[in-house]
Amino acid sequence: RDSLNIRLAVIPGDGIGREVVAEGLKVLDAVGLKLETTTYDLGAARYNATGETLPDETLAELRGFDAILLGAVGDPSVPPGVLERELLLKLRFELDHYVNLRPVKLFPGVETPLAAARPEDIDMIVVREGTEGPYAGAGGIMRRGTAQEIATQESLNTAYGVERVVRYAFDKAVARPRKKLTLVHKTNVLTYAGDLWSRVVERVSAEYPEVTTDYCHMDAASMFFVTQPQRFDVVVTDNLFGDILTDLGAAIAGGIGLAASGNVNPSPKGSESWAPSMFEPVHGSAPDIAGQGKADPTATILSVAMLLDHLGLTEEAARVEQAVADDLIGRQTAWAQRSTREIGDDITARVTG
Ligand code: NAI
Ligand code: MG
């Protein structure tokens, strides 16, 4: 452990991305590992100065790190979609982040809009497919701007792509106390993609006899997230459904200031398909509060815990998560008054012990 040296690429990005990443790094430093960070100025500022989003040389460099920590990108000065597609989505596709991992966990002391929910009712992980589905970029427009315009947006689902994310989800499920996996899809209407997903889940489930397998339509799942969140342990779903469901998850588990995520490439280090995974808060750059010290850095700090866990540093990850949990309990009284930096300092102090 002492000899372990983590090489981390940091992309603070825009707006509050920079503010929250500073706090995430502070906490990471306090964990006491050997850490070597390199910061990349990707995002709106770089794009506005040079027109670059993600140059090939930078992408090649990023491949050499153990992991990436990202704040958020996006600014009103950049046309919508440019940084999302050419930076964020490109990173996820190029580094083959086929798992988008989003825990939905209600910490004690955190307010939820669900009046009856207790922390033990909301504790799940959503495993969202990250490289296929309707986000694969397949489709096109004909006769644009005319009355005869045609737009198609196809959902690509490969047996290979579905199986690898489903396997990952089963591995997660078998390691959790409840050992339950729920496929969320819309198999009754999206019959082709749904058929593939169902068959893959069914087939892989035979290798995990300890795991209970369940199925839920996407529309019903969005209802159950609100009425019976305790139904869910590990949820596996496609790219689009996962995107929507995890925002709902964030809402029931304390809001956007707490929602963490990982864009994960689970391939074993050293294998040909390995690439660094990227951890980031679910929220964006929040131009409305940027530069005011109002952003909650907790989502980023929880993303740092996920990063540590991904690197196999489970004890360090647990320490960071516990520090956050302890801080959250104290917030019932002190919440509104603290700045981004103060929250970061307080959690750092708890990690240091
Ligand atoms: P947003 O998540 O930036 O903000 C939504 C609302 O939540 C705002 O009112 C904001 O003040 C609040 N909020 C967000 N994070 C917060 C935090 N940590 N603490 C306290 N309040 C917080 O989403 P929005 O406004 O739709 O997008 C703003 C920009 O961010 C856009 O350019 C968008 O494209 C980009 N974006 C980038 C993402 C990324 O880098 N992964 C993800 C989502 C949006
Ligand atoms: Mg989203």
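Given the condition surrounded by fewer than 22 Cβ atoms within 10 Å (Cβ to Cβ) and farther than 25 Å from ALA250 by Cβ, answer yes or no: does some residue in the stretch 217-239 qualify?
There is no residue in the stretch 217-239 that is surrounded by fewer than 22 Cβ atoms within 10 Å (Cβ to Cβ) and farther than 25 Å from ALA250 by Cβ.
Scan the stretch 278-298 and give yes if some residue there is free of Cβ contacts under 8 Å to residues at least 40 places away in the same chain, among the charged types (D, E, K, R) and away from ligand 1 (no atom under 11 Å from the Cβ), otherwise no.
Scanning the stretch 278-298, I find no residue that is free of Cβ contacts under 8 Å to residues at least 40 places away in the same chain, among the charged types (D, E, K, R) and away from ligand 1 (no atom under 11 Å from the Cβ), so the answer is no.
Please work out which one of (1) in contact (Cβ under 8 Å) with a residue 60 or more places away in the chain; (2) more than 12 Å from ligand 1 (Cβ to nearest atom) is the condition ALA60 fails and give its number.
Exception for ALA60: condition (1).
In the set PHE279, PHE225, which member is out of contact with any Asp or Glu (no Cβ under 6 Å at 6 or more places or on another chain), within 16 Å of ligand 2 (Cβ to nearest atom), outside the structural domain of ILE11 (by TED's automatic domain parsing) and modelled with pLDDT of 95 or more?
PHE225
Identify the residue in the stretch 233-273 that is within 11 Å of ligand 1 (Cβ to nearest atom) and free of Cβ contacts under 8 Å to residues at least 60 places away in the same chain and, among all such residues, is farthest from LYS186 (Cα to Cα).
If we take residues in the stretch 233-273 being within 11 Å of ligand 1 (Cβ to nearest atom) and free of Cβ contacts under 8 Å to residues at least 60 places away in the same chain, then GLY257 is farthest from LYS186 (Cα to Cα).
Looking at (1) on the phi > 0 side of the Ramachandran plot; (2) touching a Lys or Arg at 6+ places or on another chain (Cβ under 8 Å), which is the only condition GLU210 fails?
Every listed condition holds for GLU210 apart from (1).
The values are calculated or read from the model by the stated rules, or taken from the named source; none is laboratory data. Source: prediction; values computed, not measured. Neighbour counts run over all protein chains shown; Cβ positions are idealised from the backbone, glycine included.
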